[in-house]
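Presented below is the structure to which this report refers.
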Amino acid sequence: MEMTKETITQVGEMKRSHYSMIINGERVDSSSGETFDTYNPAKGEAIATIAKANEEDAEKAVQAARNAFDNGKWRKYPVGKRARVLNKIAEIMRSRFNELVEMEVLNSGKSVGAAQVQINQSIEDFEFYAGAIVGHRGEVNNMPYGFFNYTHKEPVGVCAQIIPWNYPMMMAAWKIAPAIAAGCSVVIKPASLTPITAIILNEICHEAGVPEGVVNTVPGSGSVVGDYLVKHEDINKVAFTGSTPTGKDIMEKASQTLKRITLELGGKSPNIVFEDADMDAAVAGSLFGIFFNTGQSCEARSRMFVHEDIYDEFMEQFIEKTKKLQTGNPFNKGTHLGSIISREQLEVIDGYVQSAIDEGATIATGGKPMYPEGFENGHWYEPTVITDVTPDMKAVKEEIFGPVVVVEKFTDEKDVIKRANDTKYGLGSAIWTTNQGRATRVAHQIQAGIVMVNSPFSAFPGTPFGGYKQSGFGRELTVETLDLYMEDKSVLSYYGPKPLNPFGV
């Protein structure tokens, strides 16, 4: 399928364009003819029109995926052949790296540095699963004499994959790569705010050799298209990344047809800085942990606990460096923080900050919307540090999903572990200490799926990513993710010399 490359300049201007849905390998518009605008949040300007899927379109996508799975050849390919196609997807993505980065920046407002990291990992995801599927196999099990038993891994079927707006390309890759590596067919529902790179990725899949109907993309309303997919009887699995309330709704609706589900949901992750931490590393890592991707990350370390012995020194350096963070043109290499995804999200963030002020907290720096030169109509918020907080404050308890960190002092290890775990979430966490015994001891007691020790990085291909408690369940980005897209079939054979006659008649 031939791709159309848009004209994009370094400051993020492009020709207004139209993106269609992709169903059964074809670009198609909505059956209703409806479209919606998608925006560059850094400027608050519409950049493209998108075909708006409805239930009829979602049905067509499901049936295309169903036919491709039941009657097509993809799941019957030898794993080595599927692996070659996944590697081809990665190769095409790498050849179009700059274009994908530019489109990600334009549609999400994130900084070019963040987009480069995320597009690169998206490529590595396909390369990782190309290798992982080749070595993924069943087992031969110990049996009594005369019996032979093995497990055979088969693709689970048709998968609905619902993608969030904060990492549009990367989250699509996290879900598409293991699903098609396993032999499944998929229907992708990208976020309405950021649908462009998911659509482009679908086209790249076809260009690389994925058969028609194996990957389908239907942008549209979550309450319409997403809901329809979750409840559809021909969908065998749902993978969702997004908010905890939406995840609960998906879990309830998917239960009616006993679908498999994977949920990666919200977070309020603790960042613990002990008194023996390497100060420079802890300050730099904590800064990245909350402000990367403008704080719009589910595993953002948004609750910081600093030991009282180093609190003043640490906070002086942390606030000083926070003030030096660069915002503005996302295409400038020196920009650290991009824009907020929408006006609505900006208002949510500011509402949390105002609630902290009303409850007696102190704004150490930041705390209000901003208007960078040349981007005054976009959605921007100052990197914000809030001190003098208490555990019962709204800004401390709830996920803000923006460039806002709340900071508390602590006195001892036992106390900080208790406070770190005092949340309904359990996705990410970070520990800063030079004591390896303490690092291991605390890591084992933190109720979170990811514990970063002396490092701000939470995800590499091959490392399990997922949460405890109301941060969801299931792990992505790892070899074991393949099992979430496969069924284990037990095949039991008898090869004894005499026929079996259990009843003896």
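The values are calculated or read from the model by the stated rules, or taken from the named source; none is laboratory data. The structure displayed is predicted, hence computed values, not measured ones. Cβ coordinates were reconstructed from backbone atoms using ideal geometry, including for glycine residues, and neighbour counts include every protein chain displayed. Please note that ligands, DNA and RNA were not included when accessible areas were found on the heavy atoms of the full protein model with its side chains. Shrake-Rupley method; radii C 1.70, N 1.55, O 1.52, S 1.80 Å.
Remarks
- Count of segment 326-364 residues, restricted to those that are hydrophobic (A, V, I, L, M, F, W, C) and open to solvent by 30 Å² or more (accessible area, probe 1.4 Å), is 5.
- Criterion applied to 195, 168, 178 was being surrounded by 24 or more Cβ atoms within 10 Å (Cβ to Cβ), touching a residue at least 12 places away in the same chain (Cβ under 8 Å) and out of contact with any strand residue (DSSP E or B) (no Cβ under 8 Å at 6 or more places or on another chain), and the one residue passing it is 168.
- All positions within segment 203-248 that are open to solvent by 10 Å² or more (accessible area, probe 1.4 Å) and small (Gly, Ala, Ser): 208, 209, 221, 222, 223, 242, 243
- Residue match in segment 450-469 (condition: open to solvent by less than 20 Å² (accessible area, probe 1.4 Å), over 18 Å from residue 266 (Cα atoms) and not polar (S, T, N, Q)): no
- Tally, over segment 476-495, of residues that are closer than 16 Å to residue 149 by Cα and of a type in the set (A, V, I, L, M): 2
- Residues that are assigned to a helix (DSSP H, G or I), among the charged types (D, E, K, R), touching a residue at least 12 places away in the same chain (Cβ under 8 Å) and closer than 20 Å to residue 451 by Cα within segment 381-424 comprise 397, 413, 419, listed in sequence order.
- Check on residue 341, under 26 Å from the mean Cα position of the chain (by Cα) and assigned to a loop (DSSP other than H, G, I, E, B): yes
- Selection of first residues in segment 307-324 that are acidic (Asp, Glu) and of second residues that are assigned to a helix (DSSP H, G or I) and surrounded by fewer than 18 Cβ atoms within 10 Å (Cβ to Cβ), restricted to Cβ pairs under 9 Å at least 6 apart or on distinct chains, gives the following pairs, ordered by first then second residue: 313/279.
- Single unsatisfied condition, residue 80 versus (1) open to solvent by 20 Å² or more (accessible area, probe 1.4 Å); (2) at pLDDT below 95; (3) not acidic (Asp, Glu): (2)
- Residue match in segment 250-268 (condition: over 30 Å from residue 62 (Cα atoms) and out of contact with any Pro (no Cβ under 6 Å at 6 or more places or on another chain)): yes
- Boolean, residue 272 is more than 30 Å from residue 160 (Cβ to Cβ), among the β-branched types (Val, Ile, Thr) and surrounded by fewer than 21 Cβ atoms within 10 Å (Cβ to Cβ): no
- Restricting attention to segment 365-403, the residues that are over 19 Å from residue 108 (Cβ atoms) and open to solvent by less than 30 Å² (accessible area, probe 1.4 Å) total 11.
- Per the listing 54, 120, 87, the residue uniquely open to solvent by 20 Å² or more (accessible area, probe 1.4 Å) and under 19 Å from the mean Cα position of the chain (by Cα) is 120.
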